[in-house]
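K.L.:
Encoded as structure tokens, here's the structure I'll be asking about.
The values are calculated or read from the model by the stated rules, or taken from the named source; none is laboratory data. Keep in mind the model is a prediction, meaning the values are calculated, not measured. A quick note on method: Cβ atoms are made from the backbone with ideal geometry, for glycine too, and the neighbour counts reach across all protein chains shown.
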Amino acid sequence: MIVSGPAFIWRRSASQSAVRSFDEAFALVRSDLSLQAESNPVFAAHLEMLDDPMLRDAVQEGLQSGLSPSDALDAARDGIVAMFEGIDDEYLRARADDVRDIFGRLRAAMAGESSGGQVQMPGGCILVAEELLPSDTALIDFKALGGILCHKGSSTSHVCIIARAKGVPIQVGADISGIKDGDTVQVDDPLSGSLQSIASRARASGLKVYVNAANLDEIRSGLAAGAEGVGIFRTEFLFLNRSSMPSREEHAAIYREALLACAGSPLTLRTMDIGGDKDLPYLPLTAEDNPFLGLRGIRFSMLHQDVFIPQLQGALDAAGSVRELHPEWFEEGSPLHLIIPMVSKAEEILQVRALLSSLDPDYGRLLELGIMIETPAAVLDAPALAAESDFFSVGTNDLTQYIMAADRGNASVGYLYDSFAPPVRRALELTVRAAHDATIPVGICGEMASDPRATGILIDLGFDSLSLSRLEPIQ
Ligand code: PEP
Ligand code: MG
């Protein structure tokens, strides 16, 4: 699909502005939270807390007593946090973290930072950028965009995945030199607009068609457009762009909503894939020479169990509460399919199983446990990994970069980064064979599943499901 429109040049500094008063910062944070609350119950709860007159009164009191705006904010925060921490109820005590998060946003907004506020862009424009980072995507108003033209990155970089999920055509590796604001530019995205036809071909060959999602809205719209479940629910949105880590209750609330939206169809919930190009403001990572070969996915999770365990507990809580409501959804196995990213050894699966059984010895009634196949080690040892897994899903975005030793975000080695290359094809064959020998299902959730040129190949290879980056509503 080719689209054109006026260029809007992306400047990261566009998200910065002058220092704001408390009232201005309050209004900005309120409007950000109202937007986010539509798709995320956690932010809906934050909005309620922000609107509680107690919060404003506490800050005003500090200002009136002569404190500087920043000290008034800290004093109000400390007072309210102390109040929550003194409550004799575990759930309410945990709300102190939410209070810190809200005050963190207010402080950032007063300092002139965006606090997640979106950059204003003219409707129908083509966003032109040298490079877009995962954290930039929170600042982009995708609804306003006609398309994205980006110099750095590949078709599986995270910004591409997010843009496609929002239905925005994107072209990477583009020559953007000399483009000025307002110039008419074109975006050529071969993957955009073909997903329903991939879905029909896959279904006609007996494959299940799932959708990829990175928030609740994408789950709902994918299911409404005919997906038979969610093939990967990327949960990083819960961890990024905030100042404190999500609690067990926050995880549980989101996963419960997601399971209810799926109404008994599979929800493949990927545990946090932090590291690589995604890090956390509240848990600064040590710089690594090779972050994509370093602490990411399950490696990061096992090292930072204080962040990982609340996610596992939240998943178990959500499945437990949905099971009480709808035992019939669990009769042929749980619809909650937990999937671990970046696995390279069978021991890693056993470690997650051990963690799960320490939280609930009978966790098997609440979830199936599978792994992403995205490292060469996982492919070469697939029979051993299949013996410990309930299912496989192939992440061709990473698998291609690791097999070809070509960074998925580096346009200079884009000629090597090719999911159709024979070594990647061989890896797919080995994976499908190992899964089927062990009688477990194997799907594909990388962007290759959404490429119309791959559909015939993936059907012939014997995959059981395709998870598409998005499904357009059937007209
Ligand atoms: C993949 O690697 O193919 C995948 C689905 O995961 P992500 O793109 O989030 O790394
Ligand atoms: Mg991956």
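K.L.:
Go through the stretch 198-222 residue by residue and tally those that are part of a helix (DSSP H, G or I), surrounded by fewer than 21 Cβ atoms within 10 Å (Cβ to Cβ) and not small (Gly, Ala, Ser).
P.N.:
Of the residues in that region, 5 qualify.
K.L.:
Sort out which residues of the stretch 34-52 are touching a residue at least 24 places away in the same chain (Cβ under 8 Å) and in contact with a Phe, Trp or Tyr (Cβ under 6 Å, 6 or more places away or on another chain), and write them in order of number.
P.N.:
Across the stretch 34-52, the qualifying residue is only 36.
K.L.:
Within the stretch 179-197, track down each residue that is in contact with a Leu (Cβ under 8 Å, 6 or more places away or on another chain) and either closer than 25 Å to residue 261 by Cβ or part of a helix (DSSP H, G or I) (or both).
P.N.:
Of everything in the stretch 179-197, those that are in contact with a Leu (Cβ under 8 Å, 6 or more places away or on another chain) and either closer than 25 Å to residue 261 by Cβ or part of a helix (DSSP H, G or I) (or both) turn out to be 195, 196.
K.L.:
Can you tell me which condition residue 360 does not meet? The list is (1) within 16 Å of ligand 2 (Cβ to nearest atom); (2) acidic (Asp, Glu); (3) at pLDDT 95 or above; (4) more than 19 Å from residue 211 (Cα to Cα), and all the others hold.
P.N.:
For residue 360, the exception is condition (1).
K.L.:
Residues 393, 412: which one is in a strand (DSSP E or B) and either in contact with a Cys (Cβ under 8 Å, 6 or more places away or on another chain) or modelled with pLDDT under 95 (or both)?
P.N.:
Residue meeting the stated conditions: 393.
K.L.:
Can you tell me which condition residue 268 does not meet? The list is (1) within 16 Å of ligand 2 (Cβ to nearest atom); (2) in a loop (DSSP other than H, G, I, E, B); (3) not hydrophobic (A, V, I, L, M, F, W, C), and all the others hold.
P.N.:
(2)
K.L.:
If you don't mind, another one. Starting from residues that are within 16 Å of residue 375 (Cβ to Cβ) and part of a loop (DSSP other than H, G, I, E, B), keep the ones in the stretch 418-459 and report whichever is farthest from ligand 2 (Cβ to nearest atom).
P.N.:
My answer is 419.
K.L.:
State which residue pairs qualify: first residue over 12 Å from residue 249 (Cβ atoms) and inside the stretch 87-107, second residue surrounded by 13 or more Cβ atoms within 10 Å (Cβ to Cβ) and hydroxyl-bearing (Ser, Thr, Tyr) in any location, beta carbons under 6 Å apart, and separation of 6 or more residues or different chains.
P.N.:
The qualifying pairs are 100/244; 101/243; 101/244; 104/243; 105/115.
K.L.:
Between a residue in the stretch 345-361 that is more than 15 Å from residue 310 (Cβ to Cβ) and any residue that is of a type in the set (Val, Ile, Thr) and assigned to a helix (DSSP H, G or I), which pairs come within a Cβ distance under 9 Å, given they are 6 or more apart or on different chains?
P.N.:
Final answer for the pair search is 348/298; 349/298; 351/298.
K.L.:
OK, next. Over 30 Å from residue 326 (Cα atoms) and over 26 Å from the mean Cα position of the chain (by Cα), is that true of residue 373?
P.N.:
Against the criterion (over 30 Å from residue 326 (Cα atoms) and over 26 Å from the mean Cα position of the chain (by Cα)), residue 373 does not qualify.
K.L.:
Filter the stretch 334-344 for residues that are more than 16 Å from ligand 2 (Cβ to nearest atom) and without any contact (Cβ under 8 Å) to a residue 40 or more places away in the chain and give the result.
P.N.:
The answer is 334, and nothing else.
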